[in-house]
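Structure, as structure tokens:
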Amino acid sequence: MRNHPLVQLTLARAREFYREPEAVFWVFGFPVVLAFALGIAFRNQGPDTLHVGVARGPGDSSVAAVIDRSPTLAARVLDSSEAQGALRAGRIGLLVLPGDSLTYRFDTTRAESRLARLEVDDLLQRARGRRDFTVVRDERITTPGSRYIDFLIPGLLGMNLMGSGLWGVGFAVVTARSKKLLKRFMATPMRKSDYLLAFILSRLMFLILEIAALVGFGWVMFGVGVRGSIGALATITVLGSLSFAGLGLLVASRARTVEAVSGLANLVMLPMWLLSGTFFSYARFPEAMLPFVRALPLTALNDSLRGVMIEGASLASLASPLAVVTIWGVASFGVALQIFRWR
Amino acid sequence: MPAIHCRDLIKRYGDVVAVAGLDLTVEAGECFGLLGPNGAGKTTCIEILEGLTVPDSGAVEVLGRSWADGSGARALRERLGIQLQETQMADKLTVEETILLFRSFYRRSHSVDEVLGLVELEEKRRARISTLSGGQKQRLSVACALVSRPDLLFLDEPTTGLDPQSRRQLWDVVSRFRAAGGTVLLTTHYMEEAERLCDRVAIMDRGRIIAQGAPSALIATLGAEHIVEFALAAGAPVPGADELGRLPGVRAVRPGPDRTALTVSEVHRAVPALLALVEQRGAELSMLATHHATLEDVFMSLTGRQLRDA
């Protein structure tokens with residue numbers, strides 16, 4: 001058993017990987033660092049303080065005092081020239097010109113300026129005697145699953161599966177080819193299918209660790225859970241991993257140098273980094289682009305992962321994105337085998 | 001049945017004819033050397049015989065089988081040991097892991113201990129390949145070829161770039177394999193290596209075999225066993241070839257850019273005569289050397305070029 005070529009080839013792959021500290025960092029460390037940094041940067045905190053300027057003039061300090069009473073607003077009295085600069089630079093979102101009638105100066109395209117205008121106006125109107133007709137009560141909630149980190153972790157998982165598939169398979173194949181090791185293997189009775197299968201097996205071995213690292217980190221650090229079944233998550237990641245291993249093989253099928261395969265892999269991955277909704281929802285792209293975006297393997301994989309992790313979707317309900325992932329894998333594997341340069 | 005038999009091999013790369021009609025027979029149990037300068041077509045030739053390169057035309061039979069026979073090809077590979085010129089094994093693996101990997105491809109094989117003993121790398125068993133010297137890497141490469149207990153071993157420039165000690169260690173490996181009854185086909189551009197290891201050699205130049213036979217027989221074709229080389233000081237004119245050729249014991253004269261070489265049957269007669277001639281001309285020797293004739297001299301007499309820089 002231990003002497004089976006498939007076992008030995010897989011072991012060799014695994015050893016070459018874990019003895020390369022840089023590769024281990026990019027596969028395991030980097031996504032965790034990224035998740036940590038982005039999770040901290042975009043953590044759900046109390047609303048930001050909105051800065052409001054009050055132009056110097058009669059009654060400026062009383063207006064500023066009223067505004068300052070709100071916990072989410074901070075007012076400063078400014079000279080008119082200073083005020084213009086602050087407004088332009090975004091240090092204040094809104095400038096109030098005090099007097100019997102009030103003037104609000106702000107940029108209507110900035111959401112926080114519009115928000116500041118509403119809040120300031122509300123406070124000042126009330127201070128001048130406006131009455132509310134209805135009693136309202138605010139209820140503040142934070143729903144797990146709706147935070148940015150909940151959106152991010154499945155995306156990072158998808159991106160990681162793509163990266164380790166393309167780099168892991170692509171680099172290893174091309175390195176072996178450029179060192180004439182592939183040709184040396186061809187001089188033995190080794191079966192080509194064993195060689196390729198070993199890549200798949202070693203990918204699957206590390207896949208478990210990749211998922212454990214990222215999902216475990218998200219869970220411990222940010223409480224990101226998996227709503228759907230673990231079985232469904234496992235199925236999707238295996239499918240995604242195989243699909244990208246196929247793409248990695250395709251990218252590596254002809255290249256003779258590591259530089260060439262790096263270029264090709266980046267060419268394949270770049271559009272997906274941008275379009276496939278890893279860091280932000282692809283729904284922001286124009287409607288006309290969406291069919292193309294959804295046809296990308298990483299988009300389909302991210303959608304499936306989010307479906308299971310955030311919405312608790314079943315595999316059956318994710319049939320169409322999973323079909324996209326599968327088709328990419330089968331097609332690239334098939335083409336790669338046809339055009340593969342074995343020496 | 002010969003171990004290797006090929007006829008009319010031709011291989012072109014674009015306009016370049018790498019192998020231009022080659023016939024070769026290697027008998028079972030012998031060590032056969034393909035000898036020639038870089039670019040003579042040795043590697044293309046050996047890779048055709050190894051079934052790694054498909055010739056444009058010609059017939060190849062190795063251990064009685066043809067590479068064109070699809071299902072037979074894998075069975076044939078089981079019986080071959082192949083070392084390629086440029087293979088670099090994976091740096092991150094150890095010697096033992098690499099041998100285990102190659103071993104797994106074969107049905108019958110040596111154990112790791114046995115094969116490490118054959119190439120004397122026992123103490124490097126757990127060393128990463130990145131830490132091996134050039135000679136050790138080359139012995140590992142040969143170990144990976146020997147692990148299949150081959151009947152026929154192909155070695156492509158096995159000692160190129162190695163220091164003399166590593167070279168001798170590799171020669172010992174080949175000799176032990178021969179002693180155990182194996183057949184070897186090797187390429188080299190070192191004369192000494194061919195003379196030391198090979199029962200027969202074929203001298204290749206520009207894709208063709210220009211001479212073939214036992215090293216001693218090829219040297220005998222020079223008609224004399226010694227080479228006398230000399231040069232004159234301060235650009236004095238060298239005596240003409242016909243004049244030198246008339247000296248006692250001289251069989252052939254090869255003028256060269258920096259020295260003149262005489263093929264000589266009796267050194268004890270030729271050298272005094274040469275010295276007398278030089279003195280009579282009032283010239284002075286700046287260099288005089290004699291050596292036993294080698295395959296290098298055979299190559300030079302056939303092509304007019306030196307092997308190393310041809």
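The values are calculated or read from the model by the stated rules, or taken from the named source; none is laboratory data. Computed from a predicted model, the values in this text were never measured in an experiment. Cβ coordinates were reconstructed from backbone atoms using ideal geometry, including for glycine residues, and neighbour counts include every protein chain displayed.
Among the residues of region B:143-154, the ones that are outside any loop (DSSP other than H, G, I, E, B), within 12 Å of chain A (Cβ to nearest Cβ) and under 19 Å from B:Ala90 (Cβ atoms) come to 2 in all.
Looking only at residues of region B:71-84 that are more than 8 Å from every other protein chain (Cβ to nearest Cβ) and in contact (Cβ under 8 Å) with a residue 12 or more places away in the chain, we find that the one that is surrounded by the fewest Cβ atoms within 10 Å (Cβ to Cβ) is B:Ala73.
Taking region B:126-135 as the range and being under 20 Å from the mean Cα position of the chain (by Cα) and farther than 17 Å from A:Lys179 by Cα as the test, only B:Gly135 passes.
Residue by residue, here is whether (1) over 17 Å from the mean Cα position of the chain (by Cα); (2) under 19 Å from B:Gln85 (Cβ atoms) holds:
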site: B:Asp8; (1), (2): yes, no
site: B:Tyr13; (1), (2): yes, yes
site: B:Ala18; (1), (2): yes, yes
site: B:Asn38; (1), (2): no, yes
site: B:Lys42; (1), (2): no, yes
site: B:Cys45; (1), (2): no, yes
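Looking across region B:90-115 at every residue that is facing chain A (nearest Cβ under 7 Å) and not in a helix (DSSP H, G or I), the one that is surrounded by the fewest Cβ atoms within 10 Å (Cβ to Cβ) is identified as B:Lys92.
Taking region A:184-200 as the search range and keeping residues that are within 19 Å of B:Lys92 (Cα to Cα) and not hydroxyl-bearing (Ser, Thr, Tyr), which one is farthest from the other protein chains (Cβ to nearest Cβ)? Among those that are within 19 Å of B:Lys92 (Cα to Cα) and not hydroxyl-bearing (Ser, Thr, Tyr), it is A:Phe199. Filtering A:Arg56, A:Arg19, A:Arg13 for residues that are farther than 30 Å from A:Phe222 by Cβ, among the charged types (D, E, K, R) and away from chain B (no Cβ under 14 Å) leaves a single hit, A:Arg56. There is no residue in region B:211-229 that is in contact with a Leu (Cβ under 8 Å, 6 or more places away or on another chain), of a type outside the set (Gly, Ala, Ser), crowded, with 18+ Cβ neighbours inside 10 Å and part of a loop (DSSP other than H, G, I, E, B).
Annotation note: of A:Ala74, A:Ala35, A:Ala65, the sole residue that is assigned to a helix (DSSP H, G or I) and in contact (Cβ under 8 Å) with a residue 24 or more places away in the chain is A:Ala35. Pairing residues of region B:48-60 that are at positive phi with residues that are assigned to a strand (DSSP E or B) and acidic (Asp, Glu), at Cβ distances under 6 Å and at least 6 apart in sequence or on separate chains, gives B:Gly58/B:Asp8. Taking the listed residues B:Gly135, B:Gly161, the one that is at pLDDT below 95 and either surrounded by fewer than 14 Cβ atoms within 10 Å (Cβ to Cβ) or on the phi > 0 side of the Ramachandran plot (or both) is B:Gly161, with no other qualifying. Here A:Phe36 does not qualify as of a type in the set (Phe, Trp, Tyr), in contact with an Asp or Glu (Cβ under 7 Å, 6 or more places away or on another chain) and closer than 26 Å to A:Ser164 by Cα.
Rundown of residues vs (1) in contact with a Leu (Cβ under 6 Å, 6 or more places away or on another chain); (2) of a type outside the set (Val, Ile, Thr); (3) assigned by TED's automatic domain parsing to the domain that holds A:Gly168; (4) crowded, with 19+ Cβ neighbours inside 10 Å, yes/no style:
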position	(1), (2), (3), (4)
A:Gly246	no, yes, yes, yes
A:Val261	no, no, yes, yes
A:Asn266	no, yes, yes, no
A:Pro291	no, yes, yes, no
A:Arg306	no, yes, yes, yes
A:Leu318	no, yes, yes, yes
A:Ala331	no, yes, yes, no
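Conditions (1) outside the structural domain of B:Leu76 (by TED's automatic domain parsing); (2) surrounded by fewer than 23 Cβ atoms within 10 Å (Cβ to Cβ); (3) part of a strand (DSSP E or B); (4) of a type in the set (Ser, Thr, Tyr), marked per residue:
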{"residue": "B:Leu9", "(1), (2), (3), (4)": "no, no, yes, no"}
{"residue": "B:Val17", "(1), (2), (3), (4)": "no, yes, yes, no"}
{"residue": "B:Asn38", "(1), (2), (3), (4)": "no, yes, no, no"}
{"residue": "B:Glu47", "(1), (2), (3), (4)": "no, no, no, no"}
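If A:Val27 satisfies every condition in (1) outside the structural domain of A:Gly158 (by TED's automatic domain parsing); (2) at pLDDT below 85; (3) crowded, with 18+ Cβ neighbours inside 10 Å; (4) of a type in the set (Val, Ile, Thr) but one, which is the exception? It fails just one condition, (1). Residues in region A:207-214: is at least one exposed (fewer than 14 other Cβ atoms within 10 Å of the Cβ) and of a type in the set (Asp, Glu)? No: region A:207-214 contains no residue that is exposed (fewer than 14 other Cβ atoms within 10 Å of the Cβ) and of a type in the set (Asp, Glu).
Listed here are the residues, each with its yes/no results for (1) more than 29 Å from B:Ile209 (Cβ to Cβ); (2) in the same structural domain as B:Glu195 (by TED's automatic domain parsing); (3) of a type in the set (Gly, Ala, Ser).
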site	(1), (2), (3)
B:Ala234	yes, no, yes
B:Glu243	yes, no, no
B:Asp258	yes, no, no
B:Arg269	yes, no, no
B:Pro272	yes, no, no
B:Leu277	yes, no, no
B:Ser286	yes, no, yes
B:Met300	no, no, no
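The lone criterion from (1) within 8 Å of chain A (Cβ to nearest Cβ); (2) within 30 Å of B:Gly207 (Cβ to Cβ) left unmet by B:Ala59 is number (1). Restricting attention to region B:68-84, the residues being at pLDDT below 90 and assigned to a loop (DSSP other than H, G, I, E, B) number 2.
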